[in-house]
Number of protein chains: 2
Amino acid sequence: MDQLSSTETLSLAAITLASGTVLWNAVREGEPLISSIAMSGLAFTSAFCLIRWLGSVFMRAGLKGKDMSKPKKLEIPETMGAVCAVVYLITMILFVPLPFYYDIVAATSGGGNKDVVLELERIETGRLLHKFPHSKLGLYLSGILSLQSVVILGIGDDLFDIRWRHKLFIPAIAAIPILVVYSVDFGVTQVVVPRPLQQYLGQLVDLGWLYYAYMAAIAIFCPNSINILAGINGIEVSQSIVIAVLIVINDSLYLLPGSEYPHPATDSHLFSIFFLLPFIGVSLALWWHNWYPARVFVGDTYCYFAGMVFAIVGILGHFSKTLLLLFIPQIFNFLYSAPQLFHLIPCPRHRLPRYNARTNQLEPSVTLWERPPSKVIAILLKLMSRIRLVKIEYNSKGDIVETSNLTILNLWLVWFGPMKEDRLAIGILVMQVLVGVGGLFIRHRLALWIFQQDNRAYSILP
Amino acid sequence: MDQLSSTETLSLAAITLASGTVLWNAVREGEPLISSIAMSGLAFTSAFCLIRWLGSVFMRAGLKGKDMSKPKKLEIPETMGAVCAVVYLITMILFVPLPFYYDIVAATSGGGNKDVVLELERIETGRLLHKFPHSKLGLYLSGILSLQSVVILGIGDDLFDIRWRHKLFIPAIAAIPILVVYSVDFGVTQVVVPRPLQQYLGQLVDLGWLYYAYMAAIAIFCPNSINILAGINGIEVSQSIVIAVLIVINDSLYLLPGSEYPHPATDSHLFSIFFLLPFIGVSLALWWHNWYPARVFVGDTYCYFAGMVFAIVGILGHFSKTLLLLFIPQIFNFLYSAPQLFHLIPCPRHRLPRYNARTNQLEPSVTLWERPPSKVIAILLKLMSRIRLVKIEYNSKGDIVETSNLTILNLWLVWFGPMKEDRLAIGILVMQVLVGVGGLFIRHRLALWIFQQDNRAYSILP
């Protein structure tokens, strides 16, 4: 079980060799974007092998769980997302020398002081030779720091099984490095006001500490929202890969030959791509093992880690509003779950769909009402049932005795009937892709109306 | 057991209140050094409470161990160093805004670009208002990154019980961030040549990649050397506190009113102090619980973490040679242990001193020779025995059947006879203090002879 098959060995060796060769050339020619692609290939193969090899080690250390939605409830390794995260972090750290200009120190008085630093001439000639000025290093490192923090806290969560209401704040603590370094390094808290409001507020408004609260909210929301859209094989990794790919497509709009250059947002989107490509690499390796039927579980660590990657690129890349457009299914799932999460209506320990061993299909899981709901809640539930947002069972007296659990996975099963685990995952993912692509389309069209310009076309306008 | 006594609660509340007040004022007045002292006070109280409160949580998660050198072999929590490390890391991250100048962004084209940055006038007037230029932020963050890495790997070690020969390289991986950022950020690999060699090599010699190998070696040595001078209550934390305090004393020599200002090494030593003060804070909290009779164990995590703090300040502060002077007992212990570590002579699983329950004292633990050693080794052992570096037992035929294990702790017991666990720890620590103070004294005297100047007096000479 822990061994690679010979096909796998050959394929992985081929990818490693190809990535290695490309990397070698890209580093010599100073092409950080191509280097990043090659390093993501290496991150994929490393993560793939480590996930396979470390399975039994994790099981022995007690990091294992039972897959409840299978005929045979086998134990498989848990928390494998931690392996991905560690491979990712090492990749990101080794990548540091590639995208930054070197400061050439012309004079030093010793002890690490750079008394005279020569500014490099802008040596870029081709479009692909994108490099950051050195002053971005702090932000880049703060992103890695936040990710490391969330991994440490995520492992703590997987080990100690922290209470739900404490979990919520793990990403908030992990976001401290980016917020702190943002304040030291850039500190701009002004935002552009949408056109309809400009006559009242002016063109820019300084949000001050509210802007930090907003960034913290993004950092809390992204990881937790992935963590609650979970529970069937492959869903956590797949949705993360979909979001990552969509962000990369959006980033590419600013970097492709057709776009303006140098564009003020180029650096931000390059920054985002550099963070996302290796993430996609390690996630694909995990996906291979976690897709139905799963051979490993990802653990909370992966959900926090993935959500934090998105929060970081959104915050430091200054496109958090676009980011939220790609989280529409997660936002819906969160709002839809809220009545149960905040215990307005009963919430069982687990809300994942119920496995029917006879049909080998998943059915909506339900909450049993030991006593009937209060009048207000009963009316609301019936209203939701009218628009098919919940399935209700009544007893002979007409009281509510059973309602389907409020998660998007159960809702999907309410709408389309029982189905196999992988078909449910595919359905949700197709929906996520469609909503995401639609969101991006609207964003670049509507932006021209709400703001004065789409920032893609920034330098064309006066 | 997990509760604070009322005396403790009162004392901790007083320290928290005092530190909080000092911090409030120091932040407002822009005094990073005083802020650092105050934050170290808060780190101490936070770590103290968390170590106490989390004991039973760690025990339940299986992180526990038996204390073998006590009449009753009670189980107590293990890996408590991880708690210290997390408190330390949060402290260091929250500290970031205090010691750096703000860049004042005068113009931006959006998207996080700082197109025009105004250089701040040097606003310092008093001697204590030490701040770093913004370009040091990368190095500072890389230090935190390395520490986070070593904590993640250390927790992995405590969880999975990694093999000894793999453990050795945990600090090497964790050192990657500082080495990578050093190469991007500063990249100077030239060292000053000692005077007697200058006629052959010139005043400076460029070590190139050898310099990185040297830095990596420091990073591997410091954590591992603390990890092998271990095994009795309190010894890991105490030796770390002694080293940290001695480095702070050395740093202060460059910052006290009597010294030249601005001195080229001021920033490096300030950097070192900022890393060490909170370390001393969390270590004292751990020390309180780990000193004889121990109520918690520190775990490998703490040893790696502590050693890495020292390696980072030594490397990034450019005083790695001075650092090694403070590690003389650890260097001796490592060299003395080497024959057993590298299996030139047999090495039992544990080499900690043997507990004699009858006398409640520790005695030197021994290696049994099932067959007599080879002639060469026998001669070497007898030579060592002549200068009292090992205790040998012979059988009636004159063959070696038993030798004391080669650790400094056993050697101390060979020299001074069996003693109680805390007396052994105190003895080693007093020795460490004396050797360290002597080392610092010699360093500042001898430097004038070996190099052209002691760098404390740099700017006096032409």
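The values are calculated or read from the model by the stated rules, or taken from the named source; none is laboratory data. What you are looking at is a predicted structure, and each value in this text was computed from that prediction instead of being measured. Cβ atoms come from the backbone with ideal geometry, glycine included; neighbour counts cover every protein chain shown.
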(request) Output the residue which, of all residues in the range B:44-83 that are in a loop (DSSP other than H, G, I, E, B) and of a type in the set (A, V, I, L, M), is surrounded by the most Cβ atoms within 10 Å (Cβ to Cβ). (result) B:80
(message) Can you list the helices (runs of 4 or more DSSP H) lying wholly within the range A:131-203 that have 1 or more residues being charged (D, E, K, R) and under 21 Å from residue A:63 (Cβ atoms)?
(response) A:137-160, A:164-167
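Table: residues versus (1) among the aliphatic types (A, V, I, L, M); (2) within 21 Å of residue B:350 (Cβ to Cβ).
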position	(1), (2)
B:365	no, yes
B:368	yes, yes
B:385	no, no
B:392	yes, yes
B:396	no, no
B:421	no, yes
B:426	yes, no
B:430	yes, no
B:442	yes, no
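Here is a yes/no grid of residues against (1) more than 11 Å from chain A (Cβ to nearest Cβ); (2) modelled with pLDDT under 80; (3) closer than 26 Å to residue B:80 by Cβ; (4) touching a helix residue (DSSP H, G or I) at 6+ places or on another chain (Cβ under 8 Å):
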{"residue": "B:253", "(1), (2), (3), (4)": "yes, no, no, yes"}
{"residue": "B:262", "(1), (2), (3), (4)": "no, yes, no, no"}
{"residue": "B:277", "(1), (2), (3), (4)": "yes, no, yes, yes"}
{"residue": "B:282", "(1), (2), (3), (4)": "yes, no, yes, yes"}
{"residue": "B:291", "(1), (2), (3), (4)": "yes, no, yes, yes"}
(request) For residues that are crowded, with 16+ Cβ neighbours inside 10 Å and not in a loop (DSSP other than H, G, I, E, B), tally how many sit in the range B:379-399. (result) 5
(request) Being over 22 Å from residue A:3 (Cα atoms), in a helix (DSSP H, G or I) and assigned by TED's automatic domain parsing to the domain that holds residue A:223 narrows it down to one of A:34, A:90, so name that one. (result) A:90
(request) Examine the range A:324-340 for a residue that is of a type in the set (A, V, I, L, M) and within 14 Å of chain B (Cβ to nearest Cβ), and state whether such a residue exists. (result) no
(message) Just to check your reading of the model, which residue among A:74, A:94 is at pLDDT 75 or above, farther than 18 Å from residue A:155 by Cβ and facing chain B (nearest Cβ under 9 Å)?
(response) A:94
(request) Please tell me if residue A:349 is over 24 Å from residue A:220 (Cα atoms) and either among the charged types (D, E, K, R) or out of contact with any Pro (no Cβ under 9 Å at 6 or more places or on another chain) (or both). (result) no
(request) Examine the range A:235-251 for a residue that is in the same structural domain as residue A:275 (by TED's automatic domain parsing), without any contact (Cβ under 8 Å) to a residue 24 or more places away in the chain and surrounded by fewer than 20 Cβ atoms within 10 Å (Cβ to Cβ), and state whether such a residue exists. (result) no
(request) Output the number of residues of the range A:356-375 satisfying the condition of being in a strand (DSSP E or B) and hydrophobic (A, V, I, L, M, F, W, C). (result) 3
(message) Let me spell it out: the conditions are (1) surrounded by fewer than 24 Cβ atoms within 10 Å (Cβ to Cβ); (2) more than 14 Å from every other protein chain (Cβ to nearest Cβ), and residue A:307 meets all of them except one. Which number is the exception?
(response) (1)
(request) Return a yes/no flag: does the range B:400-412 have any residue that is part of a helix (DSSP H, G or I), among the β-branched types (Val, Ile, Thr) and modelled with pLDDT of 95 or more. (result) yes
(request) Taking the residues in the range A:165-200 that are more than 14 Å from every other protein chain (Cβ to nearest Cβ) and loosely packed, with under 11 Cβ neighbours inside 10 Å as candidates, determine which candidate is nearest to residue A:312 (Cα to Cα). (result) A:165
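The rows are residues; the columns are (1) farther than 22 Å from residue A:173 by Cβ; (2) assigned to a helix (DSSP H, G or I).
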{"residue": "A:271", "(1), (2)": "yes, yes"}
{"residue": "A:275", "(1), (2)": "no, yes"}
{"residue": "A:282", "(1), (2)": "yes, yes"}
{"residue": "A:289", "(1), (2)": "yes, yes"}
{"residue": "A:292", "(1), (2)": "yes, no"}
{"residue": "A:303", "(1), (2)": "no, yes"}
{"residue": "A:322", "(1), (2)": "yes, yes"}
(message) Which pairs turn up if I take residues in the range A:364-379 that are under 9 Å from residue A:403 (Cβ atoms) and look for partners that are of a type in the set (S, T, N, Q) with beta carbon separation below 6 Å, at least 6 apart in sequence or on another chain?
(response) A:366/A:404; A:367/A:403; A:367/A:405
(message) Being of a type in the set (Lys, Arg), at pLDDT 90 or above and more than 26 Å from residue B:342 (Cα to Cα) narrows it down to one residue among B:391, B:382, B:420; which is it?
(response) B:420
(request) Would you check if residue B:272 is buried (at least 24 other Cβ atoms within 10 Å of the Cβ) and closer than 17 Å to residue B:83 by Cα? (result) no
(message) Could you go through the range A:282-296 and let me know if any residue there is of a type outside the set (S, T, N, Q) and in contact with a Ser or Thr (Cβ under 6 Å, 6 or more places away or on another chain).
(response) no
(message) Take the conditions within 17 Å of the chain's Cα centre (by Cα), closer than 22 Å to residue B:41 by Cβ, among the small types (Gly, Ala, Ser) and within 14 Å of chain A (Cβ to nearest Cβ) and apply them to residue B:320. Does it pass?
(response) no
(message) Given the options B:371, B:358, B:349, B:354, name the one that is in contact with an Asp or Glu (Cβ under 7 Å, 6 or more places away or on another chain) and among the basic types (Lys, Arg).
(response) B:354
